[in-house]
Amino acid sequence: MIRVGKKTTASAAKRSVLAKNQIARKANKKKVGRKINRSDYNKGYNVGFDQAYNDGFNAGYSQVVEQYSQVEQGNQINSMEPNTLLTPIALVIPASMELPSLKMMIYHPFEQMKKLGQYNFQVRTEDSVSREDIASADIVVFVRNVEPDAYRYLEVAHEMGKRTVYCIDDNFLEIPQGALAQYYQEPVRKEAFINFLRNAQIIHVNSDYFADYIRLHFNSRVANFPATVDFEWLDQAVEPARQDGQIVIGYAGTYKENDFKPIIPAIKRLLNQYGSRIRVEFFGFIPSSLQGYPGVTHLSYEGDYRSFIHKLYQVTWDIGLAPLADTLFNYCKTNNKFREYGACMIPGIYSEAPAYKGSVNHRETGYIVPHNEEGWYNGIKQMIENPDLRQKIKGQAEDYARRHFSIDSCVMNWRNMILN
């Protein structure tokens, strides 16, 4: 296997740290006492950050900050060698570097821990990881892997006495028929997926239903907590003000043809009823029967997740749609749409489904509807006609998202449920 990156010797790292510490101290002096015009939530974040800094980060802190800054500015996943002055080290092996799950479940919380000098990590793809990478790690974290070769790395990790975690946010055993199903239902991949579920020391999921499913069928050691949103990144964006006077109903996400079947006739009825008063906008997937339909617009999907969530924040939709058909695959889904809509201040309408049970309270943090044509028609109509309800849901959903889906909350869950 080919190793990615170049190792830095301990002596070179120490010399680099000594030189950069002076710069970090000067920067910190300028930072202390600076007035930050942010919400109370973000003010508290910055006060805590400065306090932790002044109480004494280790000698490698300035190097970590510089690496963190370089990665964030480059808008890429960290593939650098870990800072050897920070221990312990997590080795992350994702099924793909393009996974949104990698950002939401792993990268954001681990970058925060690395930034605070608490924990270090490195990322290796399935085809670039080596035995040396595994040997240098304290814990090995797999993300949505189903390839037999990737499962072999879990066995190697156990042979070396390493702790293992398998992060998964979809039940590939119940995936609906289609091109993706052919890939995941291939016998060797299906077997590898089951072996991951059975033999990883901890399974990390974001869904109550999926957690219970895994405990019942495969593994009792399940850590269930939500993924995260980078609110500091969102807060840098300026929310645009729309002047068109329309009520915009939107959906953001990937392929959902089957989930949209009962919604399409409801949308067509509403477009005929309200005319130019409303517009329906799809960001990413658009149902085939609504392509080119009057009153329907389409935005192309952003492959990079940070760009996607930034753009979603700026669309200023009045109503967001989150349909889930009544299938076992969807029962195991996360509340991803609520997390995104809430963070981006979009009042959402959600299918009555296990994914949203416990987080979406009807007419408080969202609007719950039966997953049928009449349910969706009536729900969307209620939200169109009730701007006060939309405003109430918008504020309460954002408040819930900031309290439950922040990076700090995710870090706490990682440390308490997995890394302790």
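The values are calculated or read from the model by the stated rules, or taken from the named source; none is laboratory data. What you are looking at is a predicted structure, and each value in this text was computed from that prediction instead of being measured. Please note: Cβ atoms are built from the backbone with ideal geometry, for glycine as well, and neighbour counts cover all protein chains shown. For the accessible areas, the whole protein counts, side chains as well, though only heavy atoms, and no ligand, DNA or RNA atoms are used. Shrake-Rupley method; radii C 1.70, N 1.55, O 1.52, S 1.80 Å.
Output the number of residues of the range 113-135 satisfying the condition of being modelled with pLDDT under 95, part of a helix (DSSP H, G or I) and open to solvent by 10 Å² or more (accessible area, probe 1.4 Å).
So the count comes out to 1.
Across the range 254-286, which residue is modelled with the highest pLDDT among those that are acidic (Asp, Glu) and closer than 23 Å to residue 176 by Cα?
By that ranking, first place goes to 259.
Limited to the range 159-188, what total is found for residues that are crowded, with 16+ Cβ neighbours inside 10 Å and closer than 26 Å to residue 109 by Cα?
Of the residues in the range 159-188, 11 are crowded, with 16+ Cβ neighbours inside 10 Å and closer than 26 Å to residue 109 by Cα.
Exactly one of these conditions fails for residue 146: (1) out of contact with any helix residue (DSSP H, G or I) (no Cβ under 9 Å at 6 or more places or on another chain); (2) farther than 26 Å from residue 405 by Cα. Give me its number.
The single condition residue 146 does not satisfy is (1).
Mind checking which residues of the range 97-109 are in contact (Cβ under 8 Å) with a residue 60 or more places away in the chain and not small (Gly, Ala, Ser)?
Of everything in the range 97-109, those that are in contact (Cβ under 8 Å) with a residue 60 or more places away in the chain and not small (Gly, Ala, Ser) turn out to be 98, 100, 103, 104, 105, 106, 108, 109.
Taking residue 154 and the conditions (1) open to solvent by 50 Å² or more (accessible area, probe 1.4 Å); (2) part of a helix (DSSP H, G or I); (3) at pLDDT 95 or above, which numbered condition does it fall short on, given that it satisfies the others?
The one condition residue 154 does not meet is (1).
Among the strands (runs of 3 or more DSSP E) confined wholly to the range 189-293, which include 3 or more residues that are open to solvent by less than 20 Å² (accessible area, probe 1.4 Å) and in contact (Cβ under 8 Å) with a residue 60 or more places away in the chain?
247-253
Is it the case that the range 199-212 has a residue that's at pLDDT 95 or above and more than 24 Å from residue 328 (Cα to Cα)?
For the range 199-212, residues at pLDDT 95 or above and more than 24 Å from residue 328 (Cα to Cα): present.
Taking the criterion of being part of a helix (DSSP H, G or I), surrounded by 22 or more Cβ atoms within 10 Å (Cβ to Cβ) and at pLDDT 95 or above, would at least one residue in the range 303-320 satisfy it?
There is no residue in the range 303-320 that is part of a helix (DSSP H, G or I), surrounded by 22 or more Cβ atoms within 10 Å (Cβ to Cβ) and at pLDDT 95 or above.
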